Every structure is written in C-alpha cells, then in structure tokens.
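First the structure, in the form of structure tokens, and then the observations on it.
The values are calculated or read from the model by the stated rules, or taken from the named source; none is laboratory data. None of these values were measured; they are calculated from a predicted model. Here the Cβ is made from the backbone with ideal geometry for all residues, glycine too, and neighbour counts use every protein chain on show. We work out accessible area using only protein heavy atoms, side chains counted, and drop any ligands, DNA or RNA first. Shrake-Rupley method; radii C 1.70, N 1.55, O 1.52, S 1.80 Å.
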Amino acid sequence: VYADVDGNIGWFGGSIAPIRPRADWSGMLPVPGNGDFEWRGVLPGSSLPRAYNPPEGYVATANEYNLPADFRYKEMSARTWAEPYRVQRIREVIADGKGMTVQNSQALQFDNLSIPARTLGGYAKALNSADPGLNQALSLLKGWDYRTGTESTAATVYEFWLPEVVKRVSDLYVPAAGRGVFGELSTRKTLEKLAAPDAAFGPRPEQGRDALLLAALGDGVQKLRAKLGSDPAQWQWGKLHH
C-alpha cells in the first residue's frame, strides 16, 4: 500500500508470478522434470494488479481475494485467499461517514466485531428449545453484540457452535466419499447456504435450516460444557483464545 506527501494513495500487487506456457499446467500439481514444463520467466511488474487514487478514497486489504475484475492474468494468481470478513469490517468502519482519526484508526487495529458471528447470530433470535441448557446458550447469543472480547461468554458459545454448523451443512452438500479430498465448506459458503436454504435442508428448507442450527448448537454446547464446565459464568472466551 502506498501514500505520498501530495495526498495520493495506491495499492500494488507485488509478487513473482511465473509464466507457465502450457494450458494444462496450473502449478497446482507436480509435473515431470524433463524440461517440458519450464517457466517462461515471470510476469513483469507493469502487468501486476494495482489501484491508484481509487474513487472510494481509501485502500483496504486483508489477504482477501482482491484482484480487479478486469485483471488479465487471474489464472496465474494464488488459489487460496483469506475469507473476506476482515476487509468487509474495515470497509464498514471507514464508510460509516465519521471520518478517520488516529484514535479510531488505532481502535480499528483491535476491532473484534465478527461479521460471521453477526450473520449466524441473527438466526439465533428466532430459535427456541425445550432444553433449558440450550435456551441458556441461546439467551447469551440473543443478547450479544457480536464482539469477541476476552470476557464474552456468548463469543465462546458461538465459537463452539460455528464448527458444528459447518460440519452439518457440509454433510448436506459434500458426498461422504469426497470428504477426504474436499474437506468441509468454508465459513463463507456455509453462510451462503444458510441464507438461501434449498431442498438439501428438507421439504421445508427454512424449518430444516433452523432445526440444523439448533442441533448444531446442542452439539457445540455439549463440547463447551465438557471443556469449561456447566456454569456459563466460566465460559469467557479469553480462557480459550489467547
């Protein structure tokens, strides 16, 4: 990222991107070392992606997929990127119209609001259970501000809930025989499936989704109690995440 004394700002994708001459060679798998798969140099710096004085007036980057839509060499890029929530949160804070000061820039460095938690936690508001223990966990989620502070007990409930949700949604969409290769859905893809439930959730998809979320919460709370005991007052997130 770049800024100068004249008020210009920019972003430049600095990397060594090898030019692979064969269309059937992405670099994702090993190839013979017989000379048929040699690089033809690397992409020149003038061809790497960049932004200069973007119209929004700021540059935000957090390891997310950030190649410009018109970038010519997308097939040469990395295949693994961070999920987009950190950069989304940066944009939320900057775009709220209050302007940036040194103080709120410092606060942004330590901002702990979780966008996935806010999304998943929104479903909790419509969930109820006959199980008092589950309703206790739901009550924590319903009153949460979605910040993962060290004293938060709702954050701990969420952190145990999310992996169970990912596992159950993955079971709906990834064939058992493919799980060893494909693994589980990403958090982003899981939340997309929850937002638009289809027949995979059953004949009444929204009800099926809510039942899945409740069952996943039950599994998560069971593991949480095994880890930190049955007293929610002892479930502070800082006891687990340092």
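The table below gives the values:
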| quantity | calculated |
| --- | --- |
| Descending principal axes extents, the range 38-97, alpha-carbon based, whole Å | 50, 25, 15 |
| Positive minus negative residues near Arg204 (Lys, Arg vs Asp, Glu; Cβ under 12 Å) | -2 |
| Candidates Asp198, Asp24, Asp111, ranked by Gaussian network fluctuation over the chain, Cα under 10 Å, top entry | Asp24 |
| The chain - mean residue ellipticity at 222 nm from DSSP helices (-39,500 (n - 2.57) per run, n ≥ 4, rounded to 500) | -12500 deg cm²/dmol |
| Dipole of the chain, positive direction: furthest Cα of Thr153, Gly121, Pro197, with charges on the beta-carbon | Pro197 |
| Ellipsoid equivalent to the range 1-131 - semi-axes via the Cα gyration tensor, in Å | 37, 26, 11 |
| For the range 111-242: Kirkwood Rh in Å [reciprocal of mean 1/r, alpha carbons] | 15.2 |
| Unit charges at the beta carbon, dipole of the range 1-108: most positive-side option, Met76, Asn8, Ala23 | Ala23 |
| 18 Å Cα-Cα threshold exceeded, pairs from Lys189/Lys223; Lys142/Lys193; Lys167/Lys189 | Lys189/Lys223; Lys142/Lys193 |
| Assigned charges on the beta-carbon of Lys, Arg, Asp, Glu; the chain dipole about Cα centre (debye) | 300 |
| Hydrodynamic radius by Kirkwood, which averages 1/r over all alpha carbon pairs of the range 128-185, in angstrom | 13.2 |
| Solvent-accessible heavy-atom area per residue, rounded to whole Å², over the chain at 1.4 Å | 60 |
| Approximate spin-label separation Gln109-Arg204, in nm, with each point projected 7 Å along Cα-to-Cβ | 5.2 |
| Computed P(r) (all Cα pairs; the chain; 10 Å bins; percent) | 6, 22, 25, 23, 17, 6, 0 |
| Cβ-defined net charge surrounding Ala126, 12 Å radius [Lys, Arg +1; Asp, Glu -1] | +1 |
| Set of the range 136-151 residues, backbone N closer than 16 Å to the point 7 Å along the Cα-Cβ line of Ser129 | 136-143 |
